[in-house]
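Heads up: the structure comes next, in C-alpha cells.
Any read-out appearing in this document is the output of simple, stated calculations on the displayed coordinates, not a laboratory observation. Predicted model, so just to flag it, every value in this text is computed and none were measured. A quick note on method: Cβ atoms are made from the backbone with ideal geometry, for glycine too, and the neighbour counts reach across all protein chains shown.
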Amino acid sequence: MKPAAFDYVRAEHLDEVLDGLTREGGDARIIAGGQSLMPMLNMRLARPKTLIDIMRLPELARIERKGGSVTVGAGVRQATLLAWPELGKTLPLVAQALPWTGHVQTRSRGTVCGSIAHADPSAELPLVLSALGGEVHLRSTKKRRRVPAGEFFAGMMVTARADDELIEAISLPANQRACAFREVARRHGDFAIVACAAVATDKGVRLAIGGVADMPVTREFPRLESGALDDVLNTFAYELDARDDVHASARYRRDLVRLLGAELIREVLS
Amino acid sequence: MSRLPADQHHAVRLMLNGKPCSGDAEPRMLLTDFLRHEIGATGTHVGCEHGVCGACTVEIDGKLARACLTLAVQVDGCAVRTVEGLAPAPDRLGLLQAAFKRNHALQCGFCTAGILMSLDHFLREVPKPSEQEVRDLLTGHLCRCTGYTPILRAAMEAAAELAGEPAKEKSDA
Amino acid sequence: MPEKRYGMVEATSSAKGRPDPGSPWVGQSIARVEDATLLTGRGRFMDDIGVHPGTLHAAFLRSPHAHADIVSIDVSQAMSSRGVVAVLHGEDIKALTSSLVVGVKAPVECWPMAVGRARYVGEPVAIAVAADRYRAEDAVDLIDVRYNVRPAVVDPRAAVKPEAPVLHDGFGGNVASDRSFRYGDPESAFASAPHRISIDVSYPRNSCTPIETYGVVADYNPGDDAYDVLANFQGPFSIHAVLSRALRVPGNRLRLRTPPDSGGSFGVKQGVFPYIVLIAAAAKATGRPVKWIEDRLEHLTASVSATNRAVSLVAAVAEDGRILALDWDQIEDCGAHLRAPEPATLYRMHGNLTGAYDIRHLKIRNRVVVTNKTPTGLNRGFGGPQVYFALERLVQRIAVELNLDPLDVITRNLVLADAFPYKTASGALLDSGNYQEALRRGAQEGGLAELKARRQAARAEGRLYGIGYTAVVEPSVSNMGYITTVLTPAERRKAGPKNGAQATATIAIDPVGSVSVHVASVPQGQGHRTVLSQVVADVFGLKPSDIRVNTEIDTAKDAWSIASGNYASRFAPAVAGTAKLAAERIAGRLRRVAASQLNTETDDIAFVDGHVGSKRNPDNRISFSRIAALSHWSPAALPDGVGHTIRETVFWTPPELTAPDEDDQINSSLCHGFIFDFCGVEVDRTTLQTRIDRYVTMHDCGTILHPAMVDGQVRGGFAQALGAALYEEYAYAEDGSFLTGTLADYLLPTVAEVPTPIILHMETPSPFTPLGSKGVGEGNCMSTPVCIANAVADAIGAKDVVLPLVPAKLAEIVRGAEPAPPARRTSSTQAKRGGDRKLRGEGEAVVKANAQQVWDMLLDPNTLAAVIPGCHGVEKISGTHFRADVTLGIGPVKGRYRAEVKLSDLDPPKAVTLTGSAEGGLGFGNGEGRITLGPTPDGGTTIHYTYEAGIGGKVASIGGRLLDGATRVIIGQFFVSLARQAGGGEPASGGLSWFARLRRWFGGAP
C-alpha cells in the first residue's frame, strides 16, 4: 500500500499552481489536506504524475465574510472553519454538519475545499454547499468563474472543475434562517448512509440529501399537510435511485429519506 | 517554487520532538515510513495506511495528523511530535502515560502511540474536557484489545490531574 | 442499578500493589511490567526490528477473481522495473517447496500461492522482490496475468450441492469431510419427546483483526541448507512441522523466531504461516534476506478469517423446556483451502456441543466444505461463536415456542452443581463450577429485575426493547488430539494417537542470584510477563520486579513443543501453572541447600522477603541471591543429590487430555469456565440501530491470577464480540468478489459503539490446573454475539435474526412492506437480489445522425476508438469482435484496462447487443448492453440503451461504495461520446452543461 511515483511541487505562489495545472492538466492533482487523496494514492487508485501542494500559500488560507456570504479559501482546514468564532451565527448549518466530517484527527488536516473537490456523495460538506446554494470559485490561468453547487457536482467524484482549474475557494451564503442537519452512519465518523440537511426558505424548506444518489440532491418543499408531505417525500425518496450495498439496502435508505426528511422539515418549519 | 522529481531522494529537515533532524525521502515516501525506517523513530505504528485506525497519529506544527496520510516531503521545515517525545525523561513516564499504566489502558500497545498523541494534544487544548468530548476524540482510533473503557478512564484521570486534582496514585516507569 | 453506570467510566480494577507484605502477589492487579516500554514508543514489534543490510522487500500480486484458471503470467516488464530482483509465481514456488499438509485424508494439494488456478479473491498469484516496498509494488503493477474465469461458489449450503462449481478435484465435490456421530440414544429421545423445536442459522465470516498486520523476515543459508525466519507468528508450534515439511528441511534446519512484542493477534497471526513459506522461498530464490509486512488491504482480503457455518439444530424438548436430545447438522466453510489446523474450528467444541447443559442424547453430522473465499484459521472464540449462536438461539426459541421464561429454560437444563467433574455425552470433562449459583448472582448483582422493569416501561412507550440471555461453557487448553476426531477410529488407529497439551517453562538463576523465566507462550499484549513475575515471585519470596521474564521464542534454542504458543486460552491454566511447577522444582532444591547452610530441616525453610530462612527462627536466614547463586560459585558446597539450581525446564501435560476413544468421545479441552450473560437492548425506530442499554457478564474462570488483566480480557473480547454482533462481516458478492477490503467497510467498533459491560466474577478453581485457573479470554466472543441477537429478537419479535445485525436487515421485520413507489414510476432500475452486485440501468441520447450512420459507427473500429472512454486504440479481431486498450477513470481514480467488445444479435440498423469486459490493475468489469436505434421526427436518431454490468477485483473490495456510480459514469461516457460523434445534442439540451446532460442520460436526479 504505497503510492506510485510522482513529482511533488511545493507551490510558493498561486501562479505556480495555475501554471502547473495548465501545463499538466489531468496528470496533476492538487494536494491540500490529503485526507481524501492520500488513501487513494496509497491504494494506487489514483496515480497522478504530479502533486501540487497548495498548503504553503497564505492567500488561500483565509475565511472572509463579505456582505451576505462567507468565502472559505482552498487552504482552510476543516478544523479551522469549525473553530472560526463566527461560524455558529453566520453558518449554523455548517456548525451542525462539520463535526460529522471524519474525526478530530482528520479534520485537523483535511480542508473544506478538498472535500468539495473530492465530491464524495456521502460527504457532509458537498451536502451543505448544496443545501445552502453556495458557489465554487474556480480559477485557471485563463479565467475565473463561479459555479453554483447545483451545477458543480456531476456524479460520483465527478465535478464541473476542468483539469486546468483550481478550486480557489467556496462561498456560502450567511444564513440566519432555521436549519437542521441529521445523519445516519454505521458508526460515528463513517460515510453517511443518509445525510440530510434542511434550510428554511421563503416558500418552505429546501431539503438536501447525501449518501443516496451519486451526488447531493436538493429539493424545495412548500409547506404541506403531513399526509401530502409523506407523499412527496416518498416520491423524492424513490427518485434518488438508492442502491444496496453491504452497509444498507436501497429500501433502508429510502426509509431514512422519508423519516429524516419529515423530521427535519417539521423541525425547520416549527 | 520547488519541484521534487519522482525517483530522486530529497532532503527533509524537521524538528522532531524538539530536536533538529533530517533524512532523505522520495516524494512518494509516507511520513510513517520516513519516521520509522529513515529516522528510526519506530514508536509511531502503522495499522492501516488509509487513515482509519489512528495508530500513526502524530502532531505536525501543533496539529494532529495521520502520518500515513502525510508525505515526508510535506513536513520539511515543520515541527513533528511523536510518542518518543512524551516522557519527561527516559526513565520516567509523563502524567498521561502513567494514567494509562495505572488503568491498564493498553494491552498489546500497538495502537497506543496514536491514542497518546491525540490525548496529549487534546488535553493541552481542552484542559477540562467532558467525557463526551474525550469519547468524540477517541472515535478516531481503533483498539482491538481493551474495549476502550480503561482508555477513557485513563484519559479522564489524566485530565483531572492536569486540572490540578491530585493523582490517585503515583506511578512512574 | 444507577443509570449512569453505563455511560460512565468506572474506577474498578485499576492497578494496585499488594495490600500487605505477607500476602501473595498472585491475585493482585499489579502494574504491568510491559507498559513503560510500550508507552514510550520503545516496543519492538515485527516491523521495528532492523534487518540485515541488503535485505529485500516483497509485495504480492493477488487474484482479482474468486475462481479462475491462470492462463499465462508475463513477468518481463516487472523484471525490468527499477530495483526489482525477482518475480516468482506459483510454478516457481512449487519448484522450491512442497505442498502444505491438508488436515483430512484426501489427495488434495494446498499451496500458499495459486498454482494454475486461483480459488479466492486475494490469493497470492506472484511475489515481487525489490530493493524497497515501493518498488516491489511498482513491479506488481507490471505483472501481466491472463485469467480464464470459472464460476464461483461462496455459500456453504450451495457448495454441497451436486451442481456447484468444484474447487479441488481430490475432494468429493466440495466436501472435504463428512462424519456422523451418535451419543446416547437420540432416536428414542426424539421419538418420545413432546416437542421438536429447530433452528436454521448461518454464522457469518468475521475476524478479530489485530491492528498490527503480519510480518515475516526470512533468510536462507545454502551452506547449512537452513532457514532463519522471524515472524509475528503466535503458534501453535505444531505448525513448525508443517513449515519445515513445506520448505523441505528437517525441523532443526528451520529456525523460527518471534519478536519481543506483537500487536495483537486473537488467533489471527497463526495465519501468517503460509507467508512464511513464500517469503522463505523468495529468500532462497534470491539468495538474500527478504522482508514482507502485510498491509491492511491484504490483511482484510486475504489473511485469514473465522469460519462461517451453516447449522440446522433440532432439539427434542419436554413440556417444561428440558432438552432431551440435540441433533446437529453443521456445514463448516473453511474457504478455498483446508489449511492446518483446519478443520479444527469445527472440532474444538466437539466435547461441548451440549453447552452448559445436561443433555445425554446427541446426534451430529459434521461436513467441512471448501468455497471460493479466504482460507480460515484461528480466531478468538474458535468454534465457540458458531456453536453457541445456534445453541443459544435455539434455547430462546424453545422459550418462545413453549411460552416459558428463557431464564427458566436455561436453569432447567444446566449441569447440576454436584455433578462435577461432569462428562458430557460427547466426552468433555467439565472440570468444576456452580452454574446455578452463577445465574443467581449474575441476575441479582447485574440487576435483572430492574432491567425487566426498564423493558416494560420502554414497551409501554412503544419502544423496541428486548432482553437476551446466554449461558455457555468456555473451553480452554485444547487437547492436541481433538482434531483427530475428524478421522474415523480406524483412520486414527492407523495414524497413531494424538493427545495432551505440552506446556513448558524454564526458570534460570544467574551467578548473582537473579531469576529469569522463559515460557513458550508468545503473548500479544495479554501481560504474560507480569503474571509470570507474580507467580514466580510468590514461589521464591521475591518481588515481581526481581523476576525477569522473556516470552520470545527461538525454536533453535528454547524449550518448546507442538502445543507451544498463545491460543486456546492456555496461558493461565497451563503456561503460568507450568512456570509455577518449574519454580517449585528449583525452590525444592534451594530449600535443601538452605537447610544445610542454616543447619535446619528442609520442612522448616521458607522463602520470605528476598530471604531464605527458618520458619521457627526468622532470624536464622540468608539472602535469596546468595543461596541461589551457590550452584555457580561453589557447587561443592551443595548437599549431596541436589545437583544444581541453575536452570530448570518443566514440561507439563494434563493426563485428562486423552485421545478420542473408539466411541468418538473426546475431552476436547482441559478446563471449562462458565459464563452467564444477559443484556437489555433498544432498537431505534428511526435508524433501526441497536443500542446496548446494559450488558452484564458473569464469569467463573477458576482462580483469578490478575483481576485487572482478567477484566481486560473480558472487555476486549466483549468489544470484538459486539463488533461481530452488530458491525463486522467479511462480505462476499455472489460471484466471490470481496466487498469489505478497507477499515471503512469492515467496521471495527470504536469507543462510541462499545458500552462498558458490568463484569461479575465467581471463582471455582479447576482441579486440573496447577494454579486452579481456567482460560477467560475467549468467552465473550462465544457468548456475546448470541446474547445480543437474543435481545434483538426479543425486542422486535423476530423468529430469525442474522448477524451482523445491520440495521437495514431489520427494516422488513420492524416496518413490514415498504410504501409503494409513486404511480408513474416503474420498479427501480437498481432492483437487486441479495448478494447480486449486478448494476442495471438504462439511458437515452438523441443525435442528429440517422440510424444507418449511427449503426455504421458502432461497427467501425475508428469510431469505437473515439467513443470508448479513454481508448488508446482498437484492434479489430472480426467484424463483430474488437479489442481495446483503455484508460478508465472517475475523478482521480484511473486505471488502464484491456477491454474486449463483442457485438451480437445484430438487427441492422435497429438494434444490437454489446458485450464488453475490461481487466486491469484495479480490477475487472463486464457488462452487456442492448442498444436500440429509433428515428426522431427531424431525421435524427434516438439511441436507447439498457445495460447490466458488474465489477470485481481490487476496486470492488476497497471502493465498493464508489463502484456503482463509477460504472454508471463510464457507461454514460461511452454513450455521450457516441452521441457527440454522431452530432449529438438535441436542441432542448443545448443550454445544459455537458455534465448536466451526462447526469440526465445515465439516470441521475434531475
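Return C:S305, A:S69 ranked ascending by Cβ neighbour count within 10 Å, so the fewest neighbours appear first. All intermediate terms of the calculation are to be shown ahead of the outcome.
Details: C:S305 24, A:S69 18.
By the 10 Å Cβ count, ascending, the order reads A:S69, C:S305.
For peptide C:519-529, the mean count of partner chain Cβ atoms within 10 Å of a residue's Cβ comes to 2. From the largest down, segment C:200-315 spans 62, 28, 25 angstrom on the principal axes of its Cα atoms.
Please list C:479-491, A:17-29 highest first by mean number of surrounding beta-carbon atoms within 10 Å per residue.
On the way: C:479-491: 21.0, A:17-29: 18.7.
Packing order, densest peptide first, comes out as C:479-491, A:17-29.
When the C-alpha to C-alpha distance is required to be over 19 Å, the pairs from A:K49/B:K63; C:K423/C:K774; C:K94/C:K954; C:K105/C:K284; C:K161/C:K799 that qualify are A:K49/B:K63; C:K94/C:K954; C:K105/C:K284; C:K161/C:K799. The fraction of all Cα pairs in chain B landing in successive 10 Å bins from 0 to the largest distance is 10, 38, 33, 14, 4, 0, given as whole percents.
Using alpha carbon coordinates only, what is the Rg to Rh ratio of segment B:95-162, with Rh defined as the Kirkwood radius?
On the way: Rg = 10.5 Å, Rh = 11.6 Å.
Expressed as Rg/Rh, it is 0.91.
Which helices, taking whole DSSP H runs in chain C, have alpha carbons extending 24 angstrom or more along the helix axis plus mean Kyte-Doolittle at least -0.5? Helices meeting the span and hydropathy rule in chain C are C:384-401, C:576-598, C:707-726, C:779-796, C:954-981. Applying 1/(1 + (r/R0)^6) with r as the Cβ-Cβ distance of C:T942 and B:A6 and R0 = 45 angstrom yields a FRET efficiency of 0.40. Considering all different alpha carbon pairs of segment A:62-173, the Kirkwood hydrodynamic radius works out to 13.9 Å. Label positions at C:D554 and C:N617, each projected 7 Å from the Cα along the C-beta direction, are separated by 4.6 nm. Would you please state the base-10 log of I(q)/I(0) at q = 0.11, 0.15 1/Å for segment C:20-112, with intensities from the Debye formula using one equal scatterer on every alpha carbon? Once normalised to I(0) and log-transformed, intensities are -0.70, -0.91. What angle do you read, to the nearest 10 degrees and between 0 and 90, between the alpha-carbon axis of helix A:250-269 and the longest principal axis of chain A? Helix A:250-269 and the main axis of chain A meet at about 80 degrees. The alpha carbons of segment A:179-269 stretch over 38, 24, 19 Å along the principal axes, in descending order. A DSSP coil position with no more than 13 other Cβ atoms inside 10 Å describes the following GluC sites (Glu not before Pro) in segment A:137-243: A:E225. Counting every other Cβ atom within 10 Å of each residue's Cβ, C:Y567, C:Y203 order from fewest to most as C:Y203, C:Y567.
Count, for each residue of B:113-120, the Cβ atoms from other chains sitting within 10 Å of its Cβ, then give me the mean as a whole number.
Working: counts 5, 2, 1, 3, 1, 4, 0, 0.
Neighbouring Cβ atoms belonging to other protein chains average 2 per residue here.
Note on C:N599/C:H644: beta-carbon distance plugged into 1/(1 + (r/R0)^6) with R0 of 22 Å gives a FRET efficiency of 0.50.
May I ask you to order C:641-650, C:734-743 by the average number of other C-beta atoms within 10 Å around their residues, highest value first? Don't jump to the answer; show the numbers that get you there.
Numbers: C:641-650: 16.6, C:734-743: 24.3.
Highest mean packing first, the order is C:734-743, C:641-650.
Counting partner chain Cβ atoms within 10 Å of every residue's Cβ in A:45-57, what's the average? If you can, show how the numbers build up before the last one.
Numbers: counts 14, 6, 9, 2, 1, 4, 7, 2, 6, 0, 1, 2, 0.
That works out to 4 on average.
Of all lysines in the structure, those lying under 19 Å Cα to Cα from C:K876, and not within fewer than 8 positions of it along the same chain, are C:K902.
Arrange C:M113, A:M1, C:M782 by Cβ neighbour counts within 10 Å, fewest through most, would you?
Numbers: C:M113 27, A:M1 23, C:M782 32.
Ranked by crowding around the Cβ, least crowded first: A:M1, C:M113, C:M782.
Peptide packing for C:178-186, B:102-110, C:392-400 was compared via the average number of neighbouring C-beta atoms within 10 Å per residue; ordered from the highest value, the list is B:102-110, C:392-400, C:178-186.
Screening chain B for whole DSSP H helices of 18 Å or more along their axis (Cα) with average Kyte-Doolittle hydropathy at least -1.0 returns B:112-125, B:149-162.
Computed from the alpha carbon positions, the gyration tensor of the protein assembly as shown leads to an equivalent ellipsoid with semi-axes of 54, 36, 34 Å, biggest first. Taking the inverse of the mean 1/r over every pair of distinct Cα atoms in segment C:428-479 gives a Kirkwood hydrodynamic radius of 13.7 Å. Kirkwood analysis of the Cα pair distances in segment C:501-630 returns a hydrodynamic radius of 15.2 Å.
The value obtained for segment C:149-236, namely the Cα convex hull volume divided by the number of residues, is 285 Å³ per residue.
Once you divide the Cα radius of gyration of chain C by 2.2 N^0.38 Å, the number left is 1.05.
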